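Written out below as structure tokens is the structure these notes cover.
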Amino acid sequence: MGLASFGEQLTGTSTGDWRGARGRGRSPLRRDHARTALIFLSPWLLGMIGLTLGPMVYSLYLAFTKYNLLSPPRFIGVQNFHDLVADSRFRTSVVVTIRYVLLSVPVVLIVSMVVALLMNAAIRFITGYRALFYLPSLLGASVAIATLWRMIWGDSGLIPNALSKIGIHHGSFIGDPKTALYTIVSLNAWAFGSTMIIFLAGLRQVSKELLEAAAVDGASRLRRFWHVTLPSISPLIFFSVVMDTLHAFQAFTGAYVTTGGGPADTTLFYTLYLYEKGFAELNMGYAAAMAWLLVLGLAAITGGLFFSSRYWVHYGE
Amino acid sequence: MTTATSTRVAAPAIQRVIRPAKNRLAIAVIRHSLLIIVLILMLYPLLWMLAASFRPNNEIFTHLGIWSKNYTIANYVNGLHGGGTINFSRYFLNSVIIAALSVAGNLLSCTLAAYTFARLEFPLKRVAFGLLLATLLLPYHVTLVPQYIMFNKLHWINTFLPLVVPKFLATDAFFIFLMVQFIRSLPHELDYAARIDGAGHWGIFTRIIVPLSLPAIGTMALFTFIWTWNDFLGPLLYLSKNSLWTVPLGLNSFLDSTGGESSYGALFAMATLSLAPLVAVFIAFQRLLLEGIATSGLK
């Protein structure tokens, strides 16, 4: 599947080939197209060159330099990458981030699917449910909720407090290296609503005829789900896996505010370490090298997911 | 933007053949109970925060429940007019300014770019569109460092410009894509009719395309507002001067500076207040928001 069809997946609409009008000569407006296009597109072009492509190239250069904003960048070859390999905190941040992604993405997907299935069958009150389940994902990315999370899992917070009432004395879950990462996983999981809404929209489009036919043929509920429903919505699942994975790798606010990367670096997310290196220590070259490694890593992961999609994602019938 | 959610009657009929009515009722009860239990678990922290924001400080962490006899608005007063360096009324104003400018910037630049991609033919269009798609998946960290260096050289640190100017340059590729898809679904005949009436591209854009695209434009405005209102990393990088802080920066700093439990009430009050615009937007535009997610995958 190419990027363009994935893009159409993003918007859920398929309006055909976007190059459709090309070369048919049917538009009376074509003569002045190019000039108007240049004018209309100039903000985007400026942004693309000045804020995306240019900076990307510049940061690729910076990755091979030592630069602290004060004196000019000094070319040091692959020294930054050597240092990264030897940097135990960097390795920690990679492991922490991968653990976080592997924990939080499946949790969100599974919870979303279960709730969407429950709601799909329970037609009554569905708009109310939909709205209330969505609310947390509207708020979840905010500092206010990250703050609340500290009040819930932290010292004398809501949950340690409640647990102590039933005789379990745990203390702060945020201060405990064994549980700190899970508090952030729970923050992400709490905001599963938007993924659930995407799944629910997909479930409503699953062909009733196919489900009926399967039921008539004696397929059990589970088999109907596995052989009809899941393949039908596999493009949406794929979309969510890709987007949620990319987002999870770039998670920042929750960890920065709730745990600050601690205790003992157990929640030192990749982006947190990048921020620390780049903007607290002003080690711009090192941060740029980290950023490019992230781009390459995510490109590889996204590529791998796209490759795997051949085997489990079904488009159209 | 619209999904056809046609519900057919046949499926329940089949199920009725398979299971007896009594069973179905029991299953429905179980389903709704499960949903309600999950909902209560999810929403309880929010209710608890709301309640805590009206509680005297000494009650907040000792009470797990929602009800109190001593509700007070003192926390809100303290938070908004609190002493020291924390000044939330200022932060709210800053957040509103940045969000409003960001919405304006995205509306202008993204719709123009989308119209161009959807309706005009020009050289290198395929390349340009390919670039647009590629940036959808690009992690923004790769531009973070060089952008910071650039804005630093331009002396834009401690101004709103690094947060707002990119919006006027259509850097949110996702919205362009959403709009392109929407505009492509509009019939070309309207453009031709306008052309015959003497309208140029600008006229077609402002008088035909924009009015017909209002649902997509509305979705874009809503999500731009939500994202910029919640944005933390951007302001954290570019706004170090206290008088320029946005609400998230204020909350974060408040959280770090609160010594004992003496000012948690005010923290809860300001956190609650910071969520109020989001909840208001949600209540007012629920349908648009939920449809935007269901049909386009925006989050």
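What to note about this one:
- Computed over the Cα atoms of the stretch A:80-157, the ratio of the radius of gyration to the Kirkwood radius (Rg/Rh) comes to 1.17.
- Cα-based Lys pair tally, chain B, threshold under 26 Å, eight or more apart or on separate chains: 5
- Share of pairwise Cα separations in the protein assembly as shown, more than 41 Å, in percent: 30
- Springs between Cα atoms under 10 Å define the GNM used for chain A, and in it the highest mean-square fluctuation of A:132, A:282, A:51 occurs at A:51.
- Mean separation of Cα contacts under 8 Å (6+ apart) over length of chain A, as relative contact order %: 27
- Here the scattering of the stretch B:58-173 is modelled by Debye summation over its C-alpha atoms, one equal scatterer each and no solvent; at q = 0.13, 0.20 Å⁻¹ the log10 of I(q)/I(0) is -0.77, -1.18.
- Compactness index (Cα Rg / 2.2 N^0.38 Å), chain B: 1.29
- Cα Rg, Dmax, the stretch A:253-317, angstrom units: 16.8, 55
- Where a label projected 7 Å from the Cα of residue B:81 along Cα→Cβ would reach, residues of the stretch B:93-118 with amide N under 19 Å: B:93
- Test item: B:242-253 mean partner chain Cβ contacts at 10 Å: 2
- Per-residue average of Cβ from other chains inside 10 Å of B:270-278: 4
- Here the stretch A:150-202 was treated as a single set of alpha-carbon atoms; its pair distances binned every 10 Å from 0 give 24, 39, 20, 14, 2 percent.
- Taking the square roots of 5 times each eigenvalue of the Cα gyration tensor of the stretch B:161-235, largest first, gives ellipsoid semi-axes of 30, 13, 9 Å.
- Scanning chain A for long hydrophobic helices, with DSSP H runs required to stretch 18 angstrom or more by C-alpha along their axis and to average at least -0.5 on the Kyte-Doolittle scale, returns A:33-47, A:88-121, A:126-139, A:230-249, A:284-312.
- Amide proton proximity set for residue A:65, modelled H, under 5 Å, gap of 5+: A:76
- In whole angstrom, the stretch B:66-122 maps to an equivalent ellipsoid with semi-axes of 45, 16, 5, each derived as √(5λ) from the alpha carbon gyration tensor and ordered largest first.
- Hits among aspartates and glutamates - C-alpha to C-alpha of residue A:66 under 14 Å, sequence gap 8 or more where chains match: A:83, A:281
- Shielding score for A:146-158, defined as the mean number of other chain Cβ atoms within 10 Å: 5
- Of the three principal axes defined by the Cα atoms of the stretch A:209-317, the extents in descending order read 66, 28, 17 Å.
- Seen from residue B:51, the other residues with C-beta closer than 14 Å to its C-beta sum to a net charge of +1, counting Lys and Arg as +1 and Asp and Glu as -1.
- Spatial offset of the stretch A:142-158 relative to the stretch B:75-118 amounts to 24 Å, using the alpha carbon center of each.
- Projected onto their three principal axes, the Cα atoms of the stretch B:88-257 cover extents of 64, 33, 25 Å, largest first.
- Around residue B:209: net Lys/Arg minus Asp/Glu count, Cβ-Cβ under 14 Å: +2
- With only Cα atoms counted, chain A has Rg and Dmax values of 24.1, 79 Å.
- Loop trypsin sites (Lys or Arg not before Pro), the stretch B:62-144 (other Cβ atoms within 10 Å of the site Cβ: 15 or fewer; DSSP): B:69
No lab work stands behind these numbers, since they all come straight from the coordinates. Only a predicted model underlies this, so the values are computations on that prediction, with no experimental measurement involved. Heads up, the Cβs are rebuilt from the backbone with ideal geometry, glycines too, and the neighbour counts pull from every protein chain shown.
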